[in-house]
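**Q** Have a look at this one before I ask anything.
The values are calculated or read from the model by the stated rules, or taken from the named source; none is laboratory data. Note that this is a predicted model, so its numbers are computed, not measured. Every residue, glycine among them, receives a Cβ derived from its backbone with ideal geometry; neighbour counts consider all protein chains shown. Surface accessibility is based on the protein's heavy atoms, side chains included, excluding ligands, DNA and RNA. Shrake-Rupley method; radii C 1.70, N 1.55, O 1.52, S 1.80 Å.
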Amino acid sequence: MDCRTALGKIVAKADGLLTRQDEAELADHLAGCPACAAEDAAIAATGPALRALTGIRAMGKGAALDAMGTRVRAGIGEVRETRRRSSRLARWVWIPAAVALAVSALLFYPAGTDRSPFHPSSFDVAVEDVESDAATVALVDKGEDLPRVIWIIEDAKT
Amino acid sequence: MSEREKGGVPDDALIRAAVAGDDGAFGELVERYKGRAFAVAVGIVGDGDAALDVVQDSFIKTYYKLKEFRFGSNFYTWFYRLLVNQAIDRWRKSARSAEVPFDESWLSGDASPPDSFSYPRTPEELARDRELGDALQRAVDALPEYHRAVIVLREVDGMAYDEIAKVLGCSVGTVMSRLHYARGKLKESLKSHRGG
């Protein structure tokens, strides 16, 4: 085996891709070639050296790693609370917007109906909060006869 | 079944329980993988404290993404994809502004001159050879992020090539080429400090 072939096999050996026969041939070559033997030793040392370096960098973190479960639980709780807060905020933010929309609709209720001239006092705006993320906003025309719901928003998606 | 599942509840069962609201089941997954995850994170970000944050954040993200897990696939390759991306993001943000110093506290006693073919195999041996430790650290830090991820997954975690490919979303050929490059760089740093 020449040195060029040996270098290819040294890399393959480090990757665990050599057959037993290839490994034996390589060993024969390395026994008589100090340059290739040095290359082989250095390549073979990369894994253990990297693990040693990682070990040094990880030193002293055992206690923190033991507490990882607690850290993760606390983090999950924080994220959950943040999401709950923003969901609560989203639930309440749209209600004033819907009320404003309802009031403006009330003020600009179209002419051409049989109840003109328009008179705001004949309308009710009902806002009803419900337990979920939704609330109901209803614009009710009280009219002269029976009350009539003319616009209803059932939830934030409507 | 993964090594970690032997003798215990399978990952899939824990995931199903966690999705159903059993936080204890998710806690078991954390216990099962935190050590491996930490070693990989340290290898990529190069700092123990930062690695702890990366592991914590990865588990939290995993918890909220558990519903997306495809049963039948490996939990740990799925989790590692998230972990490695999180670690690479962390490393990019730090932008290596402050180099992690080689820990001199590990130096003890007189460092004996190294044998030309002998390389450190343990943290203790590496710590006794400060120059080599520094050189190796520089070589690791200088590796492109995905090359570093590949060699860490292979050498520190012991992952198979096809698993690394799944984690990084690339081909096995790409994994092997990155590994070859990374190993070559580390080898150069080792040899240059042994007069090679």
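**Q** Need one number: nm distance between label points at residue A:22 and residue A:99, each 7 Å from Cα along Cα→Cβ, rounded to one decimal.
**A** A separation of 7.7 nm, rounded to one decimal place.
**Q** Averaged over its residues, how many other protein chain Cβ atoms are within 10 Å of peptide B:54-60's Cβ atoms?
**A** 5
**Q** Exactly which trypsin sites (Lys or Arg not before Pro) in the stretch B:4-63 are in a DSSP loop and have at most 14 other Cβ atoms within 10 Å?
**A** Numbers: sites: B:4, B:6, B:16, B:32, B:34, B:36, B:61; in loops: B:6.
Answer by residue number: B:6.
**Q** Relative to a virtual label point 7 Å from the Cα of residue A:12 in the Cα→beta-carbon direction, which members of the stretch B:150-170 show backbone nitrogen distances below 16 Å?
**A** none
**Q** Also, quick follow-up: What FRET efficiency, computed as 1/(1 + (r/R0)^6) with R0 = 22 Å and r the Cβ-Cβ distance, is obtained for residue A:59 and residue B:141, rounded to the nearest 0.05?
**A** Between residue A:59 and residue B:141 the formula returns 0.80.
**Q** If you don't mind, another one. May I ask for the accessible area buried between chains B and A, both sides summed, probe 1.4 Å, to the nearest 100 Å²? Show your work: numbers first, answer last.
**A** On the way: alone 11100 and 11630 Å², together 18620 Å².
Chains B and A together bury approximately 4100 Å².
**Q** Using 7 Å Cα-to-Cβ label points, what is the residue A:1/residue B:130 separation (nm, one decimal)?
**A** Calculated label separation equals 4.0 nm.
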